[in-house]
Amino acid sequence: MNKGLIGKLLPHVIALAVFLIVTVIFCKPVLDGNTLSQHDIIGWKGGAQNAFEYKEKTGHFPLWNPNLFSGMPNYQVVMEGKSVLPNLTAIFSLGLPKPMNFFMLACICFYILCIALRVNPVISILGSLAFAFSTYNPIIIGVGHESKMFAIGYMPLLLAGMIFTFEKKYWLGLAVATIGAYSEIAVNHPQINFYFVIIALAVGIAYAVKWIMEKQWKHLLISAAIVIFAAIMGVAGSAISLLTSSEYAKATMRGGKTVEIKGDSVKAVKTTGLDTSYALRWSLGKAETFVVMMPEAFGGSSQKTLSENSKVVDKLTEKGIPEGQASQIAQSLPKYWGGMSDPSETTSGPPYVGATICILALIGFVVVKSPLRWGLLAATVLGILIAWGKYLPGFNTLLFNNVPLMNKFRAPSMTMVITELTLPVMAIVALQYILFRKNSQQVLQAEFKTILYAVAGLFALLILVWMMQDYSAPIDDYLLANFRQQAGNDEIGRTILSGMKADRKAMFGGQLLRAMGFALVIIGLLWFYMKNRIKAAVITVALTVVSTIDLLVIDKEYLNAEQHYVSEVGKEDFSKIKDGSGRVVADLKPAFDKIKQDQAINFRVYNPLLGYSDSRTSYFVQSITGYHPAKLRIYQDIIERYLSENPSEQVINMLNARYKIVQDPQTGQLVPIYNPNAFGAVWLVRHVTVAKDNIEELQFLGKSNLKDSAIVSADCAGKFTQPQPDSATIKLTSFAPDTLVYSFNSTQPQFAVFSEIYYPYGWNAYLDGKKVDYCKTNYVLRGMPVPAGQHIITFIFEPESYKRGNQIAYITSFIIWIVVIGGLFMHWRTTRQKSRKNA
């Protein structure tokens with residue numbers, strides 16, 4: 001092999017080896033035969049199990065999922081489409097097992113970005129590891145937010161395509177941007193996609209301003225055309241998920257609501273997205289922003305508690321409380337005191353990027369001269385402001401009400417994924433600028449005072465924050481009220497809060513000193529380099545080692561063998577109910593085994609023991625509960641109004657809950673109780689009322705005999721006649737998730753109510769093979785007038801969005817292949833021709 005080629009490839013091979021070694025070390029439990037136990041993935045598996053069983057029998061996934069919330073589109077749980085593209089995620093992650101694949105994917109994509117930025121390979125390794133192992137990543141992997149992690153991992157690949165294009169490597173930019181855009185969108189996490197758009201716009205505008213000032217109109221137009229084309233390919237290649245999700249969102253909590261429910265009261269409202277109060281929950285406190293470089297400044301995560309060495313112990317013992325009791329109290333108190341410490345909110349950990357990376361990024365922001373700096377700075381600032389959410393209400397409410405899509409997303413703190421990318425990029429650009437430029441030592445000497453002033457200014461600000469904070473937290477009022485109730489006065493509660501505030505101040509101060517230590521190391525290394533006493537490569541290797549070890553140590557607190565890995569995750573786990581310590585307290589399997597002996601063609605199970613956000617019941621049987629981050633709006637309204645506090649038997653019967661899971665008071669075992677009052681899969685009513693509005697429609701369910709009466713939405717007025725008395729019959733004769741067949745016989749016209757969830761985007765009704773209209777009935781179900789005679793009624797779920805999206809995505813997959821292969825070939829050819837000319 002050509003020695004020159006080996007020399008070019010060797011640094012990249014070494015980089016891959018380093019990524020692999022670090023990933024294997026961090027994910028060692030996988031090598032011991034363990035697997036991740038991820039809450040959200042377990043929840044997803046519970047809802048998806050029936051779809052996989054159906055595919056095993058038929059060869060394809062159903063489009064409707066009957067096991068979750070009485071029924072919802074299955075393409076929001078699991079789906080497949082036609083494509084000629086390979087499994088790109090497996091390729092970019094080198095086929096490694098979970099969770100190694102997440103980290104390798106992020107490392108490789110960031111490394112490609114470093115190549116686009118023409119950064120030294122050793123610096124590239126530093127940045128890639130910092131990006132991949134930013135603490136937010138192992139946190140979300142641990143809880144099972146896999147699509148989010150994939151979307152984060154692909155962000156630098158798409159940015160790399162943009163940078164190649166901006167640097168006039170048009171063919172390479174076209175190929176990388178196209179495959180990056182497709183991969184980024186295809187993993188189906190619109191919120192992360194939206195946040196990347198913020199980065200892309202900021203960087204793109206910064207470069208565009210430079211080109212406009214230099215009158216580089218041709219380059220501006222070519223670059224814009226390539227980036228827009230790549231975006232179009234990404235959107236078209238993911239049309240199947242985008243079209244179905246966009247359609248589904250209209251009918252969910254994220255599509256707004258028309259009623260507001262408080263207890264038995266229902267009033268009319270009109271919103272087009274999430275409620276502002278709900279969307280701005282999980283906001284980052286303003287001072288909490290510094291956890292990007294001081295991970296434990298606000299206590300880390302909601303799961304952590306104070307130690308026996310807490311200041312609370314000292315304060316309580318001064319009040320005469322025995323030390324042992326004081327220690328127990330302290331260890332029951334939350335350590336986390338940031339913006340999400342309200343009892344209704346939690347956080348799994350800080351978005352720590354690394355003290356080394358943050359300080360290097362700060363240096364880059366003040367010394368690097370390029371449009372990239374301004375784009376990254378703008379994106380960073382905007383990301384932080386949005387992350388403050390409810391703590392910066394005017395700004396964020398303005399965005400929420402006016403920026404497209406903003407009102408579809410919740411958890412503003414998630415925008416810190418922007419800094420997770422922008423800060424490592426700025427850090428590596430800074431190192432390249434001050435260590436590997438021509439005359440870099442002279443450049444550093446000229447900029448050294450500026451660097452000192454910037455770093456000193458940062459720590460001066462941190463010291464002021466440390467001195468001026470009052471160290472209160474959103475949870476404090478709750479804690480005070482709780483201890484007041486126990487003790488009958490505020491004295492003990494205020495003593496405890498005083499100790500907690502002392503702990504918090506010490507916590508913040510300790511992290512401040514820790515960050516200062518990293519700053520001194522960086523400044524010291526740069527000073528030695530400036531004085532020509534140490535080589536640039538040595539500094540880079542040292543910083544890589546320091547940064548990586550720092551991140552891995554913190555990461556291990558949030559993704560470790562003791563808490564997140566198990567030796568085996570199998571079907572039986574879904575039947576086990578565990579307490580907070582993980583001890584199995586009940587087994588659902590015997591109850592489900594008994595239920596499955598029922599030969600009825602179709603029915604549901606109500607399991608109130610697990611609440612309305614658990615899919616273990618859905619794993620085994622059709623359930624009126626489940627787990628999904630975006631429930632249908634009408635079903636959420638039913639839960640809030642009739643199922644959450646005092647469950648309505650009529651509504652439960654209407655949903656065809658043939659069994660209810662209860663705990664036997666004598667044996668403690670979970671047993672199924674047969675419900676003889678369940679209405680069945682379909683029934684005929686004697687009277688139908690037309691609702692004047694959604695409020696009347698919803699409230700009707702609590703005031704009427706739903707077995708005999710039904711209410712339909714106003715748009716069904718005039719489309720039916722009142723049913724006539726007759727010995728009519730109707731029954732379900734065939735059931736599949738997305739096809740239901742009923743037989744009907746009557747000498748008079750009737751009105752049938754089907755115990756199936758109303759979803760207007762795809763469910764079509766046929767009477768003897770002819771398509772007919774049906775009505776939204778009883779707020780959440782389907783109803784249909786049926787003429788006299790013998791008829792076959794068929795409901796088929798055949799959403800046009802799925803068909804159209806599948807066709808578009810399939811055609812686009814061919815185009816993406818052509819563009820990527822053609823772009824890479826043309827780049828190789830162009831580069832070769834230039835080399836020959838220069839030879």
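The values are calculated or read from the model by the stated rules, or taken from the named source; none is laboratory data. Computed from a predicted model, the values in this text were never measured in an experiment. Note: ideal-geometry Cβ built from the backbone for every residue, glycine included; neighbour counts use all protein chains shown. The area values use the complete protein model at the heavy-atom level, side chains included, leaving out ligands, DNA and RNA. Shrake-Rupley method; radii C 1.70, N 1.55, O 1.52, S 1.80 Å.
Just a few scattered comments:
- Matching residues, region 45-76, being of a type in the set (A, V, I, L, M, F, W, C) and open to solvent by less than 20 Å² (accessible area, probe 1.4 Å): Ala48, Ala51, Trp64, Leu68, Phe69, Met72
- Restricting Ile91, Ile112 to those that are out of contact with any strand residue (DSSP E or B) (no Cβ under 6 Å at 6 or more places or on another chain) and under 28 Å from Asp32 (Cβ atoms) reduces the list to Ile91.
- One residue alone among Ile549, Ile523 is of a type in the set (Val, Ile, Thr), over 36 Å from the mean Cα position of the chain (by Cα), within 30 Å of Glu296 (Cα to Cα) and open to solvent by 20 Å² or more (accessible area, probe 1.4 Å), and that residue is Ile523.
- Selection status of Glu53, among the acidic types (Asp, Glu) and at pLDDT below 90: no
- Just one of the listed residues (Val465, Val429, Val443, Val455) is β-branched (Val, Ile, Thr), assigned to a helix (DSSP H, G or I) and free of Cβ contacts under 8 Å to residues at least 40 places away in the same chain, and it is Val443.
- Tyr810 in contact with a strand residue (DSSP E or B) (Cβ under 9 Å, 6 or more places away or on another chain) and in a helix (DSSP H, G or I): no
- When residues in region 202-235 are screened for being touching a residue at least 24 places away in the same chain (Cβ under 8 Å) and either open to solvent by 80 Å² or more (accessible area, probe 1.4 Å) or hydrophobic (A, V, I, L, M, F, W, C) (or both), 13 of them pass.
- Selected residue [open to solvent by less than 60 Å² (accessible area, probe 1.4 Å) and under 17 Å from Leu479 (Cβ atoms)] from Gly339, Gly255, Gly300: Gly339
- Subset of region 761-800 (residues that are of a type in the set (A, V, I, L, M, F, W, C) and farther than 27 Å from Arg641 by Cα): Ala765, Leu767, Val772, Val786, Ala788, Ile792, Ile793, Phe795, Ile796, Phe797
- Scanning region 469-489 for residues that are under 16 Å from Arg504 (Cβ atoms), part of a helix (DSSP H, G or I) and open to solvent by less than 40 Å² (accessible area, probe 1.4 Å) returns Asp476, Leu479, Leu480.
- Restricting region 125-184 to residues that are in a loop (DSSP other than H, G, I, E, B) and farther than 26 Å from Ala208 by Cα leaves a set whose member that is modelled with the lowest pLDDT is Gly144.
- Asp275 being among the acidic types (Asp, Glu), open to solvent by 40 Å² or more (accessible area, probe 1.4 Å) and without any contact (Cβ under 8 Å) to a residue 60 or more places away in the chain: yes
- Those residues of region 728-762 which are touching a helix residue (DSSP H, G or I) at 6+ places or on another chain (Cβ under 9 Å) and either β-branched (Val, Ile, Thr) or free of Cβ contacts under 8 Å to residues at least 40 places away in the same chain (or both), in sequence order: Val753, Ile757
- In the condition set (1) in contact (Cβ under 8 Å) with a residue 12 or more places away in the chain; (2) open to solvent by 70 Å² or more (accessible area, probe 1.4 Å); (3) in a strand (DSSP E or B), Lys771 is compliant with all but (1).
- In region 680-723, residue farthest from Glu260 (Cα to Cα) [restricted to those that are among the hydrophobic types (A, V, I, L, M, F, W, C), more than 38 Å from the chain's Cα centre (by Cα) and open to solvent by 50 Å² or more (accessible area, probe 1.4 Å)]: Ala717
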